[in-house]
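In what follows, a single structure is set out as structure tokens and then discussed.
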Amino acid sequence: MPLSRADPAVRSPGVSDGLAGQSRADRRRARSEEDPAPTRRRRSRRWRIVAAVVAVVVVWGVAVVVEVVLAYDHIHQGQAEVQAAKGKLSANEVLTGAPVGDLHAAADSFSAAHSLLSSPLLWPVDVLPVAGRQLRSVQDLSGAADQVARTGVTAVQQSQSLLRLPHSAGPQRVAVLQRLAALASATHLALSSVDLGPDQNLIGPIAHERTTFANDFTQVRTTLARTSAAASEAADLLQGPATYLLIAANNAEMRSGSGSFLEAGIVTTGGGELHLANMVPTANLALPPGAVPVGGDLEARWGFLLPGVDWRNLGVTPQFEVNGPLAARMWQADTGQHVDGVLAIDVQSLQEILGVTGPVTTSTGQVVSAANVVQFLLHDQYVGETYGNASGQRVDQLSTLASATMNALENRPYSLRSMVNALSAASAGRHMLVWSADPRTQAIWSTVGISGHLTSSSLMATVINRGGNKLDPYLSVTSSLKLTTNGNVTDGRLTLTMANHTPPGQSEFIAGPYPGLNTKYGEYVGFATVNLPGYVRHVSTPSARSVVTSGPEGPTLLEATSIDIPAGGTETVTYNFVLPVAHGTLTVLPSARIPTVLWHTNSTAFEDSKSHTVSW
């Protein structure tokens with residue numbers, strides 16, 4: 001039987017291939033040494049594959065970087081467009097649609113960024129545990145910004161329609177306010193579904209961007225909620241019936257955060273209408289000591305000025321939520337009439353309103369407009385007056401001007417958008433303050449910032465006139481604030497520089513001397529006061545003549561020092577203090593002075609015509 005090749009028997013025992021006993025690896029190595037070409041070909045193929053993979057990765061990486069850079073540019077362009085839109089939110093600009101273009105552009109920029117960041121090219125990054133979280137955060141933020149911007153476009157367009165509605169009659173005013181409240185509430189609700197994405201384990205730059213966006217977003221929603229509440233409450237107030245005490249202040253003789261309250265009268269509301277009764281000089285409303293108890297910080301700090309006796313000293317504290325209810329009690333003690341709240345206005349607020357209503361004629365025949373009201377009330381009405389003649393006419397000028405302005409406000413046609421701007425500007429600078437006896441309503445006024453309340457982060461610098469003259473328009477005040485981090489605390493130094501620019505030739509009533517004070521012509525006598533955040537420590541005033549009063553004033557710490565500045569003179573007072581934190585924010589509140597106080601801080605300068613946040 002023939003044998004196969006596989007049969008061991010066919011092998012010749014004397015023939016060997018020389019590889020017996022070698023491993024498979026050794027045999028491959030031996031063959032490669034005989035012929036290296038196959039190995040080189042395999043290595044070449046492997047390197048070409050690796051090179052191709054590396055090239056693909058590099059191209060992908062470059063494409064990812066390009067897309068991220070483009071998205072970053074779109075995001076920052078959108079942020080700039082949002083800031084431009086925020087600067088165009090006055091009622092006049094809303095009516096003309098000024099913010100719409102910027103908001104549309106911002107929405108398009110954020111949408112483009114979101115599309116780039118959602119590209120399939122970035123899908124591999126999305127599944128990575130760390131990088132994916134960063135990517136998802138930026139994706140969500142860009143999408144949220146797009147949604148917020150488009151919601152803003154809708155809100156502005158709807159506001160345009162509302163601001164064009166008729167509002168000359170009382171019921172129409174109430175209806176417009178109610179619809180504005182509804183729009184703000186609906187916009188607030190529309191933003192409740194916005195998702196800002198993950199907020200944990202983000203790298204520094206992305207965490208910063210998210211925090212900034214979240215803070216801005218919270219501010220937008222808070223503002224909408226406040227707007228809705230304020231518009232609704234204003235509608236209820238106009239619908240009435242309600243009785244408010246109106247007190248008028250003159251900035252020619254300043255107190256703390258307001259002028260001296262010189263006149264008072266009653267405003268009644270009902271059916272959307274306002275009616276002002278005759279105003280009376282507060283000098284005629286003085287009460288006997290003890291008739292109206294004061295108590296609290298006001299008594300502890302300022303009791304020696306008898307704020308419950310003399311209405312002109314109500315403003316020694318900037319807390320209108322304190323002196324508002326005190327004014328209501330004093331009015332009731334004087335007249336027996338209960339009021340639902342107190343409204344304070346000053347010269348600047350009258351100027352804002354006259355800019356809307358147009359000129360008015362007082363009962364004495366004086367034509368007053370927005371262009372001349374400040375000069376008239378701060379100076380011209382006092383020309384030729386002395387303390388020996390009848391100064392009642394002076395008070396009547398402010399009183400009759402307030403009455404004429406309120407009458408024009410009630411009976412003349414005017415632009416609703418212009419009035420919104422005017423009242424916003426007046427309340428932002430503390431030129432219009434409101435207190436309500438109803439706790440719910442008072443909470444709304446506090447929330448929208450027109451109640452004159454202070455917070456634990458408030459900072460205010462004021463000068464109180466105690467010379468019985470009208471020199472505040474001639475007193476320039478500059479505040480310099482320096483904050484220096486020192487370990488876990490911050491050293492603060494606030495320097496007030498006051499210069500008396502009283503010119504010669506002024507009447508006795510303007511420049512003094514006030515009888516019995518032993519002062520000279522043009523001499524400014526008073527108190528320099530600062531309200532520091534309540535948590536400050538180690539307050540000192542090394543440059544002060546004397547500390548008049550110091551201690552808690554609401555949530556702040558008050559420090560008041562005496563000043564005496566002759567005409568042409570300058571005085572500086574420095575307050576040193578320690579903030580027990582390394583970093584934080586302060587809110588500089590307006591003083592309601594005319595002219596405003598100029599502030600210099602570590603990095604910026606501003607006027608105190610409205611609140612300003614200082615960070616360090």
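The values are calculated or read from the model by the stated rules, or taken from the named source; none is laboratory data. It should be emphasised that the depicted structure is a prediction, and the values quoted were computed from it without experimental measurement. FYI the Cβ positions are ideal-geometry reconstructions off the backbone, even for glycines, and counts take in every protein chain you see. Just the protein is used for accessible areas: all its heavy atoms, side chains included, with ligands, DNA and RNA removed. Shrake-Rupley method; radii C 1.70, N 1.55, O 1.52, S 1.80 Å.
Other residues with beta-carbon under 10 Å from the beta-carbon of GLU571 carry, at +1 per Lys or Arg and -1 per Asp or Glu, a net charge of 0. Accessible surface for LYS482 stands near 130 Å², nearest 10, in the context of the full protein assembly shown (1.4 Å probe). Summing Cβ point charges (Lys, Arg +1; Asp, Glu -1) relative to the Cα centre of region 294-377 gives a dipole of roughly 160 debye. Summing +1 for each Lys or Arg and -1 for each Asp or Glu among the other residues whose beta-carbon sits under 14 angstrom from that of LEU162 gives +4.
Each residue of region 341-356 was assigned a 3J(HN,Hα) from its phi angle through the Karplus expression (A = 6.51, B = -1.76, C = 1.60, θ = phi - 60°), giving x, 10, 10, 10, 10, 9, 4, 5, 5, 5, 4, 4, 5, 5, x, 9 Hz with x at Gly and Pro. Each peptide in 572-582, 341-351 receives the mean, over its residues, of other Cβ atoms within 10 Å, and ordering these scores from highest gives 341-351, 572-582. Looking at region 290-415, the accessible area is 38 square angstrom per residue; that uses a 1.4 Å probe and ignores ligands, DNA and RNA. Per-residue 3J(HN,Hα) values for region 466-473, derived from phi via the Karplus relation 6.51 cos²θ - 1.76 cosθ + 1.60 with θ = phi - 60°, read 10, x, x, 10, 10, 8, 4, x Hz in sequence order (x marks Gly and Pro). Rolled with a 1.4 Å probe across the full set of protein chains, the surface gives PHE304 an accessible area near 110 Å².
Extension gain for THR485-THR243 works out to 82.1 nm (0.36 nm per residue, less the C-alpha to C-alpha distance). Computed extension length for ASN215-TYR521: 104.9 nm, one decimal, from 0.36 nm per residue of separation with the Cα-Cα distance subtracted. Based on the convex hull around the alpha carbon atoms, region 269-405 presents an average projected area of 9.9 nm². Net length available on complete extension from ASN284 to ARG493 is 71.0 nm, with 0.36 nm assigned per residue and the Cα-Cα distance removed. TRP311 contributes an accessible area of around 0 Å² to the protein surface, as traced by a 1.4 Å probe with all chains present. What does the charge count around ALA461 come to, taking other residues whose C-beta lies under 12 Å from its C-beta (Lys +1, Arg +1, Asp -1, Glu -1)? Overall, the nearby charge balance is -1.
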